[in-house]
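The values are calculated or read from the model by the stated rules, or taken from the named source; none is laboratory data. None of the values given here were measured: they were computed from a predicted structure. Positions of Cβ are generated from backbone atoms using ideal geometry, with glycine treated the same way; all protein chains shown enter the neighbour counts. Keep in mind that these areas ignore ligands, DNA and RNA; they rest on the heavy atoms of the full protein, side chains included. Shrake-Rupley method; radii C 1.70, N 1.55, O 1.52, S 1.80 Å.
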Amino acid sequence: MSLIREADVIASVADALQYISYYHTPDFIQAMGRAYALEKSPAARDAIAQILTNSRMCAEGHRPICQDTGIVVVFVKVGMGVTWAAERDLESMVNEGVRRAYLDPANKLRASIVADPAFKRSNTRDNTPAVIHTQLVPGEALDITVAAKGGGSENKSMFAMLNPSDSVADWVLEMVPEMGAGWCPPGMLGVGIGGSAEKAMLLAKESLMEPIDIGELLARGPKSKLEELRIEIYQRVNSLGIGAQGLGGLTTVLDVKVLDHPTHAASLPVAVIPNCAATRHVHFTLDGTGPACLVPPDLDLWPKVHWVADAGARRVALDGLTRAEIATWQPGERLLLSGKMLTGRDAAHKRICALLDSGEPLPDGLDFAGRVIYYVGPVDPVGAEIVGPAGPTTANRMDRFTETMLGKSGLLAMVGKAERGPETVAAIARHRSAYLIAVGGAAFLVSNAIRASRVVAFPELGMEAVYEFEVRDMPVTVAVTADGESVHDSGPKAWRNHFAGIPVAVE
Ligand code: SF4
């Protein structure tokens, strides 16, 4: 009979969360490497190069792959023969592990969890509580899978109660374009079929914990209807041409996972949950012999891809930037920004726009005239860092504020991730502004371009405060031009149906 100690559970969960904050899984690295090798779209290839370069930098530097270090999701299978040396209950042990991991001074992770979600939304400050799924199983061990799920990809989860005669693949194909690029593709899709409403969602999430093996499946051929479905969805989704970051390209999904469960004769519950470029999970077993020992991946696993800042991009000086210069930016063009920019995301926009709409002055020192804003909520710095990993957040959450910002603050342009809504694209064209994207899932690489940082307004908002960053050669892509052309429309159109016939190499 195994005796599971409280200290081992806590230490193992804490180690696992630190581990996945900076190590992609080996299967994910290899699949992303294959996607890079196959990609023909220059913009998508550049984005994947940044993701791979960032991934290796994080593995070497032990800093988070993404500034959004996720909501913690834990699957625990408790062997029924296990005995405990513990004073806390299992949930409290897991949450203590989360707390220790996110507050670890050597690699402090961003606390993103808010309590009272419908009203106050106050940050719990240590990223607790985790979402914990527990199952009793035969055996004498504790089997734990720890994941940290990014908000951008979790926000794109979809569920439907289909008619039993409906096609699951057709429904997924309808949903994926609706997800846009806020889930930071390339990544994975988890599909849950059957059970009840909540069971289908859980199956979809659990399926994402499995390793990427679509290459092997394609090579050997399907042996079941579910495997046929995986291949069908994988090929049809990639044929949509959405590509890395929605820029248009060959690879949108690296794999599609499907789990099913018997359901009611009148029902066909279906869920799809995407996992992003910062796919993070690890599995371990505790059998009473001590905490989990997680082995770092071999650095030779990473493909020899080294993104460099000057590979054909236009250099742009932010200080003194004019609308005339912005008007020359081309859709999909890669830029390297240098100079000073302001930051802001949801909470700061809400306050700024309330002041602008009521004709009140902005806080002392906050002036957007002639400036560019970056939608970001960085990780706190450690050691000599100026700022921690600082990738873009999903821009369309700021859409409702954009007309006010462009019309009343003198703001010139914006940097974020994923597509803007049609009204925002129209506002951008009306104000001869532009919208640029940085790569979601390349946060540590982006933060290396930040040479100075100071808080300008709303320090009480923490990571949501307005900062002024001084950047050098910060890589971005022109996503909406001053004429209102959006690469998130034109890119996928150009690459639609190009995926068909491309072989998937298996290593
Ligand atoms: S890669 Fe994108 S979706 Fe994933 S955690 Fe980072 S910002 Fe969020």
What does the accessible area of LYS156 come to, in Å² to the nearest 10, when a probe of 1.4 Å is used?
-> 30
Have a look at the DSSP beta bridges in the chain and tell me what percent are antiparallel, nearest 5.
-> 60
Under a point spin-label approximation (7 Å from Cα along Cα-to-Cβ), what is the LYS120-ASP399 distance to one decimal in nm?
-> 3.2
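If the only charges are +1 at each Lys and Arg Cβ and -1 at each Asp and Glu Cβ, what is the size of the charge dipole of the chain around the Cα centre, to the nearest 20 debye?
My answer is approximately 1000 debye.
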Taking only the alpha carbons of region 197-309, what extent do you get along each of the three principal axes, in Å, biggest first?
-> 52, 49, 28
Counting only DSSP beta bridges with both residues in region 360-468, tell me the antiparallel percent, nearest 5.
-> 35
Among ILE132, GLY97, ALA118, which residue has its Cα positioned farthest towards the positive end of the charge dipole of region 94-138, with +1 placed on the Cβ of Lys and Arg, -1 on the Cβ of Asp and Glu, and the dipole taken about the Cα centre?
-> ALA118
Over the Cα atoms of region 272-412, how large are the radius of gyration and the largest Cα-Cα distance (Dmax), in Å?
-> 21.1, 67
Summarise the long-distance tail of P(r) for region 353-442 by giving the % of C-alpha pairs beyond 22 Å.
-> 34
At the level of C-alpha centres, the distance separating region 473-500 and region 243-312, in angstrom, is 24
Which FRET efficiency value, to the nearest 0.05, do you get for ASN163 and SER2 by plugging their Cβ-Cβ distance into 1/(1 + (r/R0)^6) with R0 = 45 Å?
-> 0.45
Protection proxy ranking of 123-134, 458-469 - average other beta-carbon atoms within 10 Å, highest first = 458-469, 123-134
Report the label-to-label distance for THR134 and THR322 in nanometres (one decimal), using points 7 Å from each Cα along the Cα→Cβ vector.
-> 6.6
Can you figure out the FRET efficiency of LEU226 with VAL308, using R₀ = 25 Å and their beta-carbon distance, to the nearest 0.05?
-> 0.05
State the Kirkwood hydrodynamic radius of region 352-502 in Å, one decimal place, computed from all pairs of distinct Cα atoms.
-> 16.5
Work out how much length LYS350 to HIS62 would gain on full extension: take 0.36 nm times their residue separation and subtract the Cα-Cα distance, in nm to one decimal.
-> 100.3 nm
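Using mean Cβ contacts within 10 Å as the protection proxy, how do 1-13, 476-488 order, highest first?
Sorting 1-13, 476-488 by mean packing, highest first, produces 476-488, 1-13.
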To one decimal place, what orientation-averaged projected area in nm² is obtained for the convex hull of the Cα set of region 182-237?
-> 4.6
Counting every C-alpha pair in region 249-330, the percent lying more than 15 Å apart is 83
If R0 is 41 Å, what FRET efficiency do you get for LYS340 and ARG496 from their C-beta distance, rounded to 0.05?
-> 0.55
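Could you tell me how many cubic angstrom of Cα convex hull volume region 1-73 has per residue?
Output value, Cα hull per residue: 124 Å³.
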Taking the Cα centre of each part, how many Å lie between region 373-393 and region 1-51?
-> 20
Mean Cβ neighbour count within 10 Å, used as a protection proxy, ranking 137-143, 98-104 highest first = 98-104, 137-143
Sort largest first and round to whole Å: the equivalent ellipsoid semi-axes of region 415-485, each the square root of five times a Cα gyration tensor eigenvalue.
-> 25, 16, 11
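Apply the Kirkwood formula to region 6-123: the hydrodynamic radius equals the inverse of the mean of 1/r over all pairs of different alpha-carbon atoms; give it in Å with one decimal.
Taking the inverse mean of 1/r over all distinct Cα pairs, region 6-123 comes out at 16.7 Å.
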No other cysteine beta carbon under 4.7 Å away is the test; run it over the chain and list who passes.
-> CYS58, CYS66, CYS293, CYS353
Rounded to the nearest 500 deg cm²/dmol, what is the calculated helix-only ellipticity per residue at 222 nm for the chain, with -39500 (n - 2.57) per DSSP H run of length n ≥ 4?
-> -9500 deg cm²/dmol
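If you wrap a convex hull around the alpha carbons of the chain, what volume per residue comes out, as a whole number of Å³?
154
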